[in-house]
Amino acid sequence: MSVRRLAEESVQPAAFAFNRSNAAWAKRKIKDYPKGREASAVIPLLMRAQEQEGWVTKAAIELIADMLDMPLIRVLEVATFYTQFQLAPVGKRAHIQVCGTTPCMLRGADDLIKVCKNKISANPFEVTEDGNLSWEEVECQGACVNAPMVMIFKDSYEDLTAEQMEHIIDSFADGKGGQIKPGPQINRIFSAPEGGLTSLTGKPVKAKARQAATKSTAKPAAKSAAKPAAKIAGNIGKASSKPAAKSAIKSKKPAKAADKAADKGKPASMRKPARPDDLKLISGVGPKLEGVLNGLGIYKFEQVAKWKKAEREWVDGFLNFKGRIDRDDWVKQAKALAKGGVEEYIRVFGKKPR
């Protein structure tokens, strides 16, 4: 692992303070952990400081150590260990982290690094004269099947070629990086096979068709079993069949009640509008989660902004991310975005979304 040190004193600011919205967020985040375990919030707080300032300053590390009642050296250990923390100023519009681990190298990461050297700087961490771009090589970023890839802040760009890397850099340099959709840059969905599915390609059997098939195979067996019983028991067999039918009807009621209970709190959905909102602007929602929310009929910020406790709990359970919606404050973010877009978000939270 490379040696990681704090930036020179000449570039370090004299002091650091969370802005109003981030300070309130930090207090809530610390309360997420049991008493005596507040130090567990060190990584989230360092990340929020980096998102506010663009990098982790010495003053920010000192403030967070005081907030969490931690020895300064412990916070320094965390900040200098994880490469997700930038310890010196980086590009304001894009800091490009090129994955250099074996799968990416085998698929052309060297070509991406050459592009970064030609278009940004010959050396990593050197910021362009306008202060907008910088780059570095990092270890595995967890999308090996989509190699080669890069990370720009919180977004990944995968299945890249040198030409696509040039286009991405030019777009961010011109302030148009937001127009490039994160994720695979070829015809594939997430990490599905390139070019489309190769298995499980048949049409799914609909529920009604399955029920009909089950009934058709069950009828002959029922008739063959009923004939001997009728000969032996006569009318008694007919009488005994009535309670069975009633019990079968009764057994359906709990199932309906269970379905209603499962749907309790499910947020209202809508048909896909002509212009759906970019839900990825909500911090905590990436391309995959946006697809899941769209599948639930959630396309607009105003829908998320109206979620009450029941809806939040239902979606949390559906996504299997207990408490994530409240921790990231999706509702407040959505209200700001629905009210005035990115400008209102910046006014409320003091930073750009994502």
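Just so it is clear, none of the values below were taken in a lab; they were calculated from the coordinates. Bear in mind that the values here come from a model prediction, so they are computed numbers and not experimental data. A quick note on method: Cβ atoms are made from the backbone with ideal geometry, for glycine too, and the neighbour counts reach across all protein chains shown.
Residue separation times 0.36 nm, minus the C-alpha to C-alpha distance between ARG327 and ALA24: what's the value? Working shown, then result.
Values: separation 303, 0.36 × 303 = 109.08 nm, distance 1.21 nm.
Extra length available between ARG327 and ALA24 comes to 107.9 nm.
What are the semi-axes of the equivalent ellipsoid for segment 91-188, taken as the square roots of 5 times the Cα gyration tensor eigenvalues, largest first, in whole Å?
Details: eigenvalues 77, 45, 24 Å².
They are 20, 15, 11 Å, listed from largest to smallest.
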Whole-Å distance, taken between Cα centres, linking segment 1-70 and segment 137-201: 30 Å
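Give, rounded to the nearest 20 debye, the magnitude of the charge dipole that segment 1-74 has about its Cα centre when Lys and Arg contribute +1 at Cβ and Asp and Glu contribute -1 at Cβ. Intermediate results must be reported in sequence, preceding the final value.
Numbers: 12 positive and 9 negative charges, 75 e Å.
That gives a dipole near 360 debye.
Among the listed pairs LYS300/LYS352; LYS58/LYS300; LYS203/LYS264, give every one whose C-alpha distance is greater than 28 Å.
On the way: LYS300/LYS352 19 Å; LYS58/LYS300 40 Å; LYS203/LYS264 31 Å.
Table pairs above 28 Å Cα-Cα are LYS58/LYS300; LYS203/LYS264.
Please say if segment 9-81 is rounded, prolate or oblate, where rounded means a/c under 1.5 for a ≥ b ≥ c the square roots of the C-alpha gyration tensor eigenvalues, and otherwise the choice is prolate for a/b larger than b/c and oblate otherwise? Present the calculation step by step, with values, prior to reporting the outcome.
Values: a/c = 2.01, a/b = 1.32, b/c = 1.53.
In terms of gyration-tensor shape, oblate.
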Two-site FRET efficiency, ASN118 against SER269, from Cβ-Cβ distance with R₀ of 35 Å, rounded to 0.05: 0.15
Inter-site label distance for GLU302 and GLN179 at 7 Å from Cα along Cβ, in nm: 2.8 nm
Rounded to the nearest 20 debye, dipole of segment 252-354 from Cβ charges on Lys, Arg, Asp, Glu: 300 debye
Rounded, prolate or oblate (a/c below 1.5 giving rounded, otherwise prolate when a/b exceeds b/c) for segment 252-354 by Cα gyration tensor: prolate
